[in-house]
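The values are calculated or read from the model by the stated rules, or taken from the named source; none is laboratory data. Quick caveat, the model's predicted, so the values are computed rather than measured. For neighbour counting, all protein chains shown are included, and Cβ atoms are generated from backbone atoms with ideal geometry for every residue, glycine included. The accessibility values were calculated without ligands, DNA or RNA, using every heavy atom of the protein model including side chains. Shrake-Rupley method; radii C 1.70, N 1.55, O 1.52, S 1.80 Å.
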Amino acid sequence: HEPGADIDTIVVVPNICTKEDFFGSGYVPPDSMVQDDDEEGVNEMRDPDSLAERIRRHPDVTNFIPVEGAAVPILTFDWEGINIDLLFARLNAPSVPTNFDIDNDMVLSGVDSATEKSLNGPRVTNLIAALVGGTEERYQTFLTV
């Protein structure tokens, strides 16, 4: 609830989903002619059904920036003025368990480097919060630091 605060969240998907599905990259419209005059993908089309495009087109979204090639792939955007950073994590499993526990070390088994980094952000936060546990004052001091 502070100015400049944002929401950091992760989309966790099974191994049948890809980063290209999330970002909509590599899309070739049906019955279209692909032209090679697009330098550095400036005008690259994205799959209109991808999560990235659905978010980008939403009327309450502004400042939409997809960063697919980063060490931690991310969609960053403002939703009704609130900044949201949406990370992508692809598990090495055919489904995401309903009792998914991000703090269980097994979630990192067989994942790629980008997914490991995406998942480790909240894992480290949870670990620090558990270690600092105790009184509300200690917790508030931790948040301040």
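Observations on the structure shown:
- Any hit, region 73-83, residues being modelled with pLDDT under 95, among the small types (Gly, Ala, Ser) and exposed (fewer than 12 other Cβ atoms within 10 Å of the Cβ): yes
- Considering (1) in a strand (DSSP E or B); (2) modelled with pLDDT under 95; (3) β-branched (Val, Ile, Thr); (4) more than 27 Å from Ala130 (Cβ to Cβ), the lone condition that Thr62 does not fulfil carries the number (2).
- Among the residues making up region 60-72, a single one is under 16 Å from Val111 (Cβ atoms) and surrounded by 12 or more Cβ atoms within 10 Å (Cβ to Cβ): Val72.
- Residue selected from region 93-145 under the condition at pLDDT below 90 and aromatic (Phe, Trp, Tyr), by the criterion most open to solvent (accessible area, probe 1.4 Å): Tyr139
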